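Down below is the structure, laid out as structure tokens.
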Amino acid sequence: MKYYCCVLLIFFSACSYLPEAEFILPETVEVDYRPDYIHFYHRDAAQVTNGVALVFYPGGLVDPHVYRDWQAKLVSQNPHIQVFSLRVAANLAVFEANKGASLVKKFKNINQWYVGGHSLGGAMASVLVDNERNMFAGLVLMAAYPAESNDLSDWQGKVLNLYAENDGLADTTTIKSKARLLPPGVIINKQSTLDFVAGQTYNALIFGGNHAQFGNYGQQNGDGIATVSTEEQQEVIIDYLEKFLK
Amino acid sequence: MKQGRFILLILCFSLHVSTLTAQGLELGLRNQYRISLGMELAPSWTGLALEAQWAFPLLSDQYELLIGSETGISALSSYSTLRTGLRWKFIQKEKSRIILDWNLLNGIALFRPNSLYEFGSEIGIGQQWQRAGRNDFSYGLLLRFSTIPGYAEISPLYYQTMIPVYFRWHFNKKAPHERG
């Protein structure tokens, strides 16, 4: 009984992280704020024929706008990429794990769909991939891993598994121990020039990074201290995503 | 920490109010449905809320002053709010009443590093059942508008309309002749 009371208290009094830094939208990027998602797309997106979209689940108790800096920058540098940052009830993706599927059905002009998420959002993206095994070409995990009930080891899509050296919440040991739930993996680094192929996991450690710098919301309780700046960590994220989302 | 202090303040306020001459304490659970966020219609389930309020007789048997607090989840965040309102029991029968509640809301949307001020209003209709020897029970439907002005710096979608469905238990004080 005490346990349920504690869960209820946390549930009702939980505070979500808001974006910390002031946001400057790149000139070439358009943003469509909708009740269920924030859509970032390039001004020239209509002229692109091989469009790719990333549906992104926010971390637990994190406002979806905290990821807008790297999402807008990614889109500004890659007109063929669109990002749909999901807005979920109570900022807890666990309540709406299948929400991303509705976007795939709605936007028919996108060639290829990817899904991803940060922390709890990554776990929920894995739930969606497990439920809809043919819907997405790839899965992007940021400081995240699938739950034991979502074994994706035989999934035929490709996985980009990004994790940070100083992450105090999803530490490297935990991430590595959950690798068995993902397709066979290889370790890559910034210099890697390989093609990302289906049925493979690409594990990339971000040196000096931490959990909170996958977004822009300051220091998170329980997180490690980053030895690189938020901008540096997110440059690495963008670099990997540009290669992966093709 | 500011949020914690605010919640503590709400609890202290609530306990203090309970010692006054309220007609009774009402505890409720709300199931909330989003109707719109910003100007766009977007119906969906958005969360739950817990509420506690005290009803004070006002002028006649027909009206009550409502003071209470509520904590729950809306389309944008978790929140804690104080409520002040009026109740009109416009149809009273032997075992049931049809009630119209109107509340003003003043509170905070729970964010880090700083929570944001949230205010709004709601109006709704319900039915209260009087049960012999047991606590009264009521249920109803509200239409609620709320806004978080500070969130406008982040998104143009900073105001919302919801339909909360509530269930309340009424712990009414007994009249002197009922106390035996």
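Where a number appears in this text, it was derived from the coordinates with a stated rule and is not lab data. Keep in mind the model is a prediction, meaning the values are calculated, not measured. Cβ sites come from the backbone with ideal geometry, for glycine too, and all protein chains shown count toward neighbours.
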Ranked from fewest to most other Cβ atoms within 10 Å of their own Cβ, B:SER121, B:SER74, B:SER60, B:SER155 fall in the order B:SER60, B:SER121, B:SER155, B:SER74
Footprinting proxy, A:GLU22, B:GLU26: sorted fewest to most Cβ within 10 Å, the residues are A:GLU22, B:GLU26
Computed curve, the stretch A:158-246, Cα-only Debye sum without solvent term, log₁₀ I(q)/I(0) at 0.26 Å⁻¹, is -1.32
One finds the C-alpha centres of the stretch A:23-53 and the stretch B:24-52 to be spaced, in Å, by 31
A correct Stokes-Einstein calculation for the stretch A:1-131, using the alpha-carbon Kirkwood radius, 20 °C and 1.002 mPa s, returns a whole-number D in µm² s⁻¹ of 138
antiparallel share of DSSP beta bridges within chain A, to nearest 5, in %, is 20
Taking the reciprocal of mean 1/r across every pair of different Cα atoms in the stretch A:29-86, the Kirkwood radius in Å is 11.4
Taking A:PHE244, B:PHE145, B:PHE171 and counting other beta carbon atoms within 10 angstrom, the fewest-first order is B:PHE171, B:PHE145, A:PHE244
Checked the stretch B:103-162 with the C-alpha gyration tensor, a ≥ b ≥ c its square-rooted eigenvalues, rounded below a/c of 1.5, otherwise prolate if a/b is larger than b/c and oblate if not; verdict prolate
Note, A:PRO79: beta-carbon cut-off 9 Å, +1 each Lys/Arg, -1 each Asp/Glu, net 0
Quick calc, the protein assembly as shown, dipole around Cα centre from Cβ unit charges on Lys, Arg (+) and Asp, Glu (-), nearest 20 debye, gives 1600
Once both label points are put 7 Å beyond Cα along the C-beta direction, the B:ALA132-A:THR28 separation in nm becomes 7.9
In this structure, among A:LYS73/A:LYS108; A:LYS105/A:LYS178; A:LYS108/A:LYS243; A:LYS73/A:LYS106; A:LYS99/A:LYS190; A:LYS73/A:LYS190, pairs with alpha-carbon gaps over 20 Å are A:LYS73/A:LYS108; A:LYS105/A:LYS178; A:LYS108/A:LYS243; A:LYS73/A:LYS106; A:LYS99/A:LYS190
Note on the stretch A:58-139: alpha-carbon gyration tensor, axes a ≥ b ≥ c; rule is a/c under 1.5 for rounded, else prolate if a/b larger than b/c, else oblate; result oblate
Taking a ≥ b ≥ c as the square roots of the Cα gyration tensor eigenvalues, with a/c under 1.5 meaning rounded and otherwise prolate when a/b beats b/c or oblate if not, chain A comes out rounded
